[in-house]
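Enquirer: Take a look at this one; I'll ask things after.
The values are calculated or read from the model by the stated rules, or taken from the named source; none is laboratory data. Bear in mind that the values here come from a model prediction, so they are computed numbers and not experimental data. Note: ideal-geometry Cβ built from the backbone for every residue, glycine included; neighbour counts use all protein chains shown. Surface areas here come from the heavy atoms of the whole protein model, side chains and all, with no ligands, DNA or RNA. Shrake-Rupley method; radii C 1.70, N 1.55, O 1.52, S 1.80 Å.
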Amino acid sequence: MTYKDVLYETDDRLAFITLNRPEKLNALSNNLRGELMDAMREAEADDQIGVIVLRGAGRAFSAGYDLSPARQADSFDFVSPRSGLPDTGSTHPGAFQWARHVVMTNWIIWELAKPVVAQIQGHCLAGGTELATVCDFRICAKDAKIGYPPVRAMTTMDMMWTPWHMPPTKAREFAYVGDSFSGEDMERLGWATYAVEKEDLDSFTEKFARRMSFVDNEMLMYSKRAVNRQYETMGIREALHSATEIQALSSGRAAAAEWGRRVRDDGLKSALEWRDGPFRDFRGAYDSAPKDRAVAGMEKSDEKPSGDY
């Protein structure tokens with residue numbers, strides 16, 4: 001199978017799917033996500049494959065959803081011709097439907113018959129955390145940076161996974177503030193299966209996946225399904241979908257217009273510097289970032305919410 005934005009390789013019982021936009025820190029464009037879901041299905045259909053490893057090319061797993069115009073797919077090979085989005089069975093019409101769409105897309109990995117191991121290095125941010133979370137296992141470099149900075153000025157998390165994977169007070173910190181946690185922190189908190197030295201990440205992840213692949217495919221499928229159904233009985237599907245409605249509400253708050261205006265007027269990079277400036281991390285670490293800006297929405301503006309996110 002030939003893809004533009006992902007690499008698909010097999011080795012004995014393992015399938016390796018690599019996010020392959022390293023120059024964009026593997027930002028999740030619609031085409032990349034469509035190709036990714038197709039590659040997942042390809043691995044699922046191959047009887048010789050027992051375990052799937054998901055990784056990112058270059059210095060990051062994924063910096064999150066592509067916020068630039070490049071997010072739009074330039075062909076309909078791997079996205080729906082009706083919506084231009086990975087096909088989830090709905091075109092997701094109307095405003096503020098992004099979160100609903102991405103959660104429905106992520107359920108594809110949840111329902112795969114085969115376990116997926118995410119291998120995480122560098123930045124794993126925003127939508128990158130959602131993609132990693134829906135995988136069965138997460139193996140991180142100790143110095144990886146995992147966070148959700150969009151909550152600082154854009155919207156709430158698209159997929160509110162933190163209460164399912166972190167202690168309550170840390171789930172709130174992650175979801176409220178957007179600061180990054182190290183891979184070592186995330187292992188301690190229970191989100192990461194293991195955290196290892198960066199130079200050992202490839203070999204450790206492969207050894208972990210190969211060990212699991214000694215189990216036959218049907219047994220792995222039933223084990224995965226048994227665990228998933230327990231979480232579903234506890235309400236994970238309803239909870240994540242209900243959170244997408246809150247995300248839609250947060251998109252329509254008055255301060256959301258400020259983010260959209262800054263993207264339109266000054267460009268995405270400048271808007272990200274404005275968002276992160278007071279926090280002095282991510283793009284806020286740049287000298288040009290406004291360190292003492294006013295709180296979003298407290299600057300005078302007559303604009304209505306734009307719905308941009």
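Enquirer: Using a 10 Å cut-off on Cβ atoms, rank the peptides 29-39, 63-73 from the highest mean neighbour count down. Provide the component values of the computation, followed by the final result.
Expert: Values: 29-39: 24.5, 63-73: 18.5.
So the order, starting with the most tightly packed, is 29-39, 63-73.
Enquirer: Need the list of lysines near K114 for cross-linking: C-alpha distance under 29 angstrom, and skip anything on the same chain fewer than eight residues off.
Expert: Excluding near neighbours in sequence, the set is K4, K24, K142, K145, K198, K207, K224.
Enquirer: Okay, next question. Output the peptides 188-200, 16-28 sorted from most to least packed, where packing is the average of other Cβ atoms within 10 Å over each peptide's residues. Mind showing how you got there, number by number?
Expert: Working: 188-200: 16.8, 16-28: 20.9.
So the order, starting with the most tightly packed, is 16-28, 188-200.
Enquirer: Now for a separate question. On a 0 to 90 degree scale, rounded to 10, what angle separates helix 236-251 from the longest Cα axis of the chain?
Expert: 20 degrees
Enquirer: Would you mind computing, in nm to one decimal, how far apart the modelled labels at L268 and T169 are, each placed 7 Å from Cα along Cα→Cβ?
Expert: So the label points at L268 and T169 sit 3.7 nm apart.
Enquirer: So, one more: Sort the following peptides by mean Cβ neighbour count (other Cβ atoms within 10 Å, averaged over residues), highest first: 267-276, 133-142, 214-223. Let's see the in-between values first.
Expert: On the way: 267-276: 19.6, 133-142: 23.6, 214-223: 13.2.
Answer by packing, highest mean first, reads 133-142, 267-276, 214-223.
Enquirer: What's the angle, to the nearest 10 degrees (0 to 90), between helix 98-111's Cα axis and the longest principal axis of the chain?
Expert: Taking the Cα atoms of the chain, the angle to 98-111 is about 10 degrees.
Enquirer: Provide the gained length on full extension for the span R188 to E23, in nm with one decimal, where the gain is 0.36 nm per separating residue minus the Cα-Cα distance. Each step should come with its number before you reach the end.
Expert: Values: separation 165, 0.36 × 165 = 59.40 nm, distance 3.08 nm.
Stretched fully, the R188-E23 segment lengthens by 56.3 nm.
Enquirer: Taking the structure as given and computing Cα extents along the principal axes in Å, which label from (i) 62, 43, 39; (ii) 76, 46, 39; (iii) 76, 55, 33 fits?
Expert: It is the one labelled (i).
Enquirer: From the phi of every residue in segment 157-165, what ³J(HN,Hα) in whole Hz does the Karplus formula 6.51 cos²θ - 1.76 cosθ + 1.60 yield, where θ is phi - 60° and glycine or proline is x?
Expert: 4, 5, 10, 7, 7, 4, x, 8, 10
Enquirer: On a 0 to 90° scale, report how tilted helix 256-266 is relative to the longest principal axis of the chain, with both axes built from alpha carbons and the result rounded to the nearest 10.
Expert: Helix 256-266 sits roughly 90 degrees off the main axis of the chain.
Enquirer: Among S83, C124, L36, whose Cα lies farthest out toward the positive end of the dipole of segment 1-145, if unit charges sit on the beta carbon of Lys, Arg (+1) and Asp, Glu (-1)?
Expert: C124
Enquirer: In cubic angstrom, how much convex hull volume per residue do the alpha carbon atoms of segment 1-134 span? Please list the in-between numbers first.
Expert: Numbers: hull volume 13.6 nm³, N = 134.
Dividing the Cα hull volume of segment 1-134 by its residues yields 102 Å³.
Enquirer: Could I ask something else about it? For q values of 0.12, 0.13 Å⁻¹, compute log₁₀ I(q)/I(0) with the Debye formula on a Cα-only model of segment 159-309, without solvent.
Expert: -0.79, -0.88
Enquirer: Hey, rough spin-label estimate for Q72 and D47, points 7 angstrom out along Cα→Cβ, what's it come to in nanometres?
Expert: 4.4 nm
Enquirer: Still on this model: What percentage of the solvent-accessible surface of the chain, computed with a 1.4 Å probe over protein heavy atoms, is contributed by carbon and sulfur atoms?
Expert: Numbers: 7320 of 14390 Å².
On the chain, the fraction of accessible area on carbon and sulfur atoms equals 51 percent.
Enquirer: Taking only protein heavy atoms into account and a 1.4 Å probe, give the accessible area per residue of the chain in Å². Please report the intermediate quantities before stating the final value.
Expert: Numbers: 14390 Å² over 309 residues.
Here the residues of the chain average 47 Å² of exposed surface.
Enquirer: Looking at the chain, send over the antiparallel percent of its DSSP beta bridges, to the nearest 5.
Expert: Taking every DSSP beta bridge with both residues in the chain, the antiparallel ones total about 30 percent.
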